[in-house]
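Take a look at the structure set out below.
The values are calculated or read from the model by the stated rules, or taken from the named source; none is laboratory data. This is a predicted model, so every value here is computed, not measured. Here the Cβ positions follow ideal geometry from the backbone for every residue, glycine too, while neighbour counts run over all protein chains shown.
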Amino acid sequence: MRRREFLTLLGGAAAAWPLAARAQQPAMPVVGFLHPASPEGNGDRIRAFRQGLKDTGFIEGENVVVEYRWADNQTDQLPALAADLVRRRVAVIAALSNAAAPAAKAATPTIPIVFLASDDPVRMGLVTSFARPDSNLTGVSFLAAELAAKRMELLRQLVPGVTRVAVLVDSTNPAATESTLRDVETAARAMMGLQIDAHNAATSREIDAVFAGFVRKTPDALFVASSPLFNDRRVQLALLAAVRKLPATYPWRDFAEAGGLMSYGASLRDAIRQTGVYAGRILKGAKPAELPVLRSSKLEFVINLQAARAIELEVPNALQLLADEVIE
């Protein structure tokens, strides 16, 4: 063989080696991320989920792929989005809401699902028990509705003379709405002298309409229920409450950071991080039935003093001392 032919053959073989090596590398696992809202305003949620994956050794783009599916607050799209993830043959689905979890469950009886639920997942029919899920689902529950009584108590401490409270609920999620109203009304009866008026909203325009209606029947305070839609519209809600000079309580710290007066509830970022951890553990071989449903126990109470000054409300020092964070 002539020298030039030998070098050409050698060069071609060398060029083929990395291609062969790449072909032999296993494909990265794919995680499906199913959310009812939109990516805008949910950057913290995405970062928290990625952190959970990282805590178990998975870094997006390096050794795991995440396929994001957002319903843009059109919950009727969730079943189709879940079915799309199933066709994509993802290794695990993270279903991050009360509406996303049932959609994912209906889409597949075999692909592992890690859910985030603000209601009782047993009552929702997602699992048979917290300790032994006994299915292809497990996840994290932060039971936002169970915190209603505490939120009402803090609201009354902030506004001692409150008698009529408007409760804003998301009409696209009837189960969560029913649970929230039940718990709020129970808390109101226990506190005595408190009247509850429920208001439904499913769009930004309907939120505007609810606040416009407050001109005719002005409440003393506002209780905003847990909802991905309301979280997406948190700036709108905070501004409308400020314009109406309406003391308001919200479920998550995101609202207080966006200008809302007061929030009390589970740390949603920590709960989502935990779903990322569970997704990572499943990628490593754990079975959902072997992973008990977690109760998110990290609670946060945040007061925004700027929002209080905007509506000319004095926040008692005793209440400020109870807060985990006071935004000046």
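Of the residues that sit in segment 80-106 and are in a helix (DSSP H, G or I) and more than 18 Å from the chain's Cα centre (by Cα), which one is farthest from Ser118 (Cα to Cα)?
Looking at residues that are in a helix (DSSP H, G or I) and more than 18 Å from the chain's Cα centre (by Cα), I get Arg87.
Could you please let me know if Arg269 is charged (D, E, K, R) and under 14 Å from the mean Cα position of the chain (by Cα)?
Numbers: charged (D, E, K, R): yes; under 14 Å from the mean Cα position of the chain (by Cα): yes.
So Arg269 passes the test.
Quick one: which helices (runs of 4 or more DSSP H) sit completely within segment 225-297 and have at least 3 residues that are over 23 Å from Thr203 (Cα atoms) and either not assigned by TED's automatic domain parsing to the domain that holds Ile111 or not charged (D, E, K, R) (or both)?
Numbers: elements: 228-232, 234-243, 253-257, 268-283.
Those helices (runs of 4 or more DSSP H) span 268-283.
Looking at Val210, Val184, Val215 in this structure, which one is free of Cβ contacts under 8 Å to residues at least 12 places away in the same chain and either closer than 23 Å to Ala148 by Cα or out of contact with any strand residue (DSSP E or B) (no Cβ under 9 Å at 6 or more places or on another chain) (or both)?
Numbers: Val210 fails: free of Cβ contacts under 8 Å to residues at least 12 places away in the same chain; Val184 fails: free of Cβ contacts under 8 Å to residues at least 12 places away in the same chain.
Every option except Val215 fails the conditions.
So Gly193 fits all but one of (1) on the phi < 0 side of the Ramachandran plot; (2) assigned to a loop (DSSP other than H, G, I, E, B); what number is the exception?
(1)
Exactly one of these conditions fails for Phe130: (1) within 21 Å of Asp270 (Cβ to Cβ); (2) of a type in the set (A, V, I, L, M, F, W, C); (3) not in a loop (DSSP other than H, G, I, E, B). Give me its number.
(3)
Would you confirm whether any residue within segment 139-150 is within 24 Å of Gly125 (Cβ to Cβ) and modelled with pLDDT of 95 or more? Give the steps one after another, and end with the answer.
Within segment 139-150, the first condition is being within 24 Å of Gly125 (Cβ to Cβ), and the residues that meet it are 139-148.
From the residues that got through so far, the ones that are modelled with pLDDT of 95 or more too are 139-140.
Yes; the residues of segment 139-150 include at least one that is within 24 Å of Gly125 (Cβ to Cβ) and modelled with pLDDT of 95 or more.
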